[in-house]
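**Q** Dropping a structure here in structure tokens format, bear with me for questions.
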Amino acid sequence: MIASYKTIGRSSALLLMVTFIGCGRPEESQRFTLYQDKVERIEGCHIVMSAAPGKGKVPIAAMQFVCNVPEAALKQSNWWGEQTEPLAFTVSPGDCLLLGETFYCAENIKLGEVTFKATFKWATRHHDHLELLGRR
């Protein structure tokens with residue numbers, strides 16, 4: 001009878017260790033880097049960075065994006081598909097884009113490239129609360 005309690009205790013301890021190790025590490029947040037004039041497909045959206053001068057007090061990147069476009073349009077000169085060409089806008093570090101259900105925030109802007117990090121996602125189907133990604 002004592003041996004079976006030891007076995008149960010060891011099994012329970014192992015199960016708890018596996019559970020805590022799995023829950024204790026935050027998942028690596030998804031990042032992507034855009035390079036000048038290269039159209040990418042992220043979360044079903046086509047996005048392009050047309051300029052990132054990388055100079056000045058606050059670095060900026062000029063961008064365009066469109067969602068709900070067929071993937072085949074990615075390789076065409078009109079990467080926005082049948083829709084009208086999307087308007088250009090600029091982002092600075094910390095500015096966020098909503099692509100699909102995830103908010104990607106500009107993390108780093110260097111000459112000719114900008115890196116975004118998945119930072120928030122909609123926490124409810126009503127889109128009235130955000131969930132911070134990468135933390136528990």
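FYI, it's all coordinate maths here, none of it is from the lab. Everything numeric in this text was worked out from a predicted model, so none of it was measured. Counting neighbours? That spans all protein chains shown, and the Cβs are built from the backbone with ideal geometry, glycine included.
**Q** What is the gain in length, in nm to one decimal, between His127 and Lys75 on full extension, counting 0.36 nm per residue of separation less the C-alpha to C-alpha distance?
**A** Additional length available on full extension: 15.5 nm.
**Q** I've got another one for you. Sort Tyr104, Tyr35 so that the residue with the fewest other Cβ atoms within 10 Å of its own Cβ comes first and the one with the most comes last. It would help to have the intermediate numbers written out before the result.
**A** Details: Tyr104 27, Tyr35 12.
Final ranking by Cβ density, sparse to dense: Tyr35, Tyr104.
**Q** With N set to the residue count of the stretch 31-132, report its C-alpha Rg divided by 2.2 N^0.38 Å to two decimal places.
**A** 1.09
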